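Read through the structure below, which is laid out as structure tokens, and then see the notes.
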Amino acid sequence: MRENCATSWGPVDVDVVTTEHVVPSAGGPVPVRSYRPADGILPAVIFLHGGGWVIGDIETHDGFCRSLAIEAGAVVFSVGYRLAPEHPFPAAADDALAALTWVIDAADELGIDRSRTSLCGDSAGGHLAAVTSRRGASKGLAIASQVLVYPVTDTATDTDSYVRNGAGCGLTSDDMRWFFDHYLPPLIDRTAPDCAPLRAHPQDLRGVAPAYVATCEFDPLRDEGQAYARALAAAGVVVDYEEWPGTIHGFILMRTITPATDALRRRIVDFLNASWVAPSVAPL
């Protein structure tokens, strides 16, 4: 995956100050790399990489995080959460929450503005960002916004987009079932909201951070991403939803393949900047 991501992203040509951190978690130390574009007190983005909770790491998304830090003018914290099957559910979700809590608690030391702290993730990372936004809100953590890029929001694999896009479009239905089987232990309730955010009770979604949700036209996860955006909106959350035409799952890293990669990143930056000023993005 590292080789594929490096090829699809292209040369890493953005120079920022990087620092390696170790975040304490109940499951053990969690590696976190921060990307700082400038001195001073800056907004923060906790980034959670994709890869089906099984693959992917800080390195696979290094180029994206560098560019996001520069363009958003924020310190990006990329979280190397534990991966399945060695560390099944809820290890990744617990590490994500630990990273968010650490960033907010250590804001002064880290030189970030805790009132302008956001979550961002793609695919399984989008799932973790959604789960962490809800869990963090329930603990009273101030989260300015959440960015969910083609997120996994349900464990059912029977939507229309699964049927239409389940083969021949990159990520397949079989891939997703393989990821689920590695991440979720056999006896776990796969409908629990920490497994399937779309199944959360509407009351539990009230008060979560404003969201930008992006889906792909040719992606098995398209319908559940849209459904989660609607569920957030129905719970009173300010939501900005976009389906990106002509794209497939994973295009956030396909910089050498499609101009949509840079366009999506600019869209994310615009949303983050707006959320750090006031929660005034357009509703769904």
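The values are calculated or read from the model by the stated rules, or taken from the named source; none is laboratory data. Owing to the predicted nature of the structure, the values given are computational and were not obtained by experimental measurement. We place every Cβ from the backbone using ideal geometry, glycine too, and count neighbours over all the protein chains shown. All accessible areas refer to the heavy atoms of the entire protein, side chains included, with ligands and DNA or RNA removed. Shrake-Rupley method; radii C 1.70, N 1.55, O 1.52, S 1.80 Å.
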- Query: Taking a probe of 1.4 angstrom, what is the accessible area of S138 in Å², to the nearest 10?
  - Reply: 100 Å²
- Note on the structure: Heads up, the stretch 139-284 by the C-alpha gyration tensor (a ≥ b ≥ c square roots of eigenvalues; a/c under 1.5 rounded, else a/b over b/c prolate, else oblate) looks oblate
- Query: Counting only protein heavy atoms, what percent of the accessible surface of the stretch 162-284 is carbon or sulfur at a 1.4 Å probe?
  - Reply: 55 percent
- Query: Near the amide H of A144, under 5 Å away, which other amide H atoms are found, from residues 5 or more places off or on another chain, if H is placed in the peptide plane?
  - Reply: T117, S118
- Query: For I55 and K139 in one chain, what is 0.36 nm times their gap in residues minus the Cα-Cα distance, to one decimal in nm?
  - Reply: 27.3 nm
- Using only Cα positions of the chain, each an equal point scatterer, no hydration layer, compute I(q)/I(0) via Debye at q = 0.10, 0.13, 0.14, 0.15 Å⁻¹ and quote the log10 values to two decimals. -0.45, -0.79, -0.94, -1.11
- Using the Karplus equation 6.51 cos²θ - 1.76 cosθ + 1.60 (θ = phi - 60°), what ³J(HN,Hα) coupling, rounded to whole Hz, does each residue of the stretch 48-59 give in order, writing x for Gly and Pro? 10, 6, x, x, x, 6, 10, 10, x, 6, 4, 5
- What is the set of long-range amide H partners of I112 at a cut-off below 5 Å, with H atoms built 1.01 Å from backbone N? L42
- Query: Over all distinct Cα pairs, what is the inverse of the mean 1/r for the stretch 32-101, reported as the Kirkwood hydrodynamic radius in Å?
  - Reply: 12.5 Å
- Query: Stretch D270-V12 to full length: gain in nm at 0.36 nm per residue minus the Cα-Cα span?
  - Reply: 90.7 nm
- Excluding ligands, DNA and RNA, what is the solvent-accessible area per residue of the chain at a probe of 1.4 Å, expressed in Å²? 39 Å²
- Indicate, rounded to the nearest 5 percent, the antiparallel portion of the DSSP beta bridges found entirely in the stretch 1-153. 40 percent
- Which value, in Å³ per residue, describes the convex hull spanned by the Cα atoms of the stretch 26-161? 112 Å³
- Note on the structure: One finds, for T191 and D39 with R0 = 41 angstrom and r their Cβ-Cβ distance, a FRET efficiency to the nearest 0.05 of 0.30
- Item | From phi via Karplus (6.51, -1.76, 1.60), per-residue ³J(HN,Hα) for the stretch 210-217 in Hz, x at Gly/Pro | x, 10, 10, 10, 10, 10, 10, 4
- Task: Grab the DSSP H runs of the chain that are 4 residues or longer, score each as -39,500 (n - 2.57), total them, divide by all residues and round the 222 nm result to the nearest 500 deg cm²/dmol.
- Result: -11000 deg cm²/dmol
- Note on the structure: Here the percent of antiparallel bridges among DSSP beta bridges lying wholly in the chain, to the nearest 5, is 30 percent
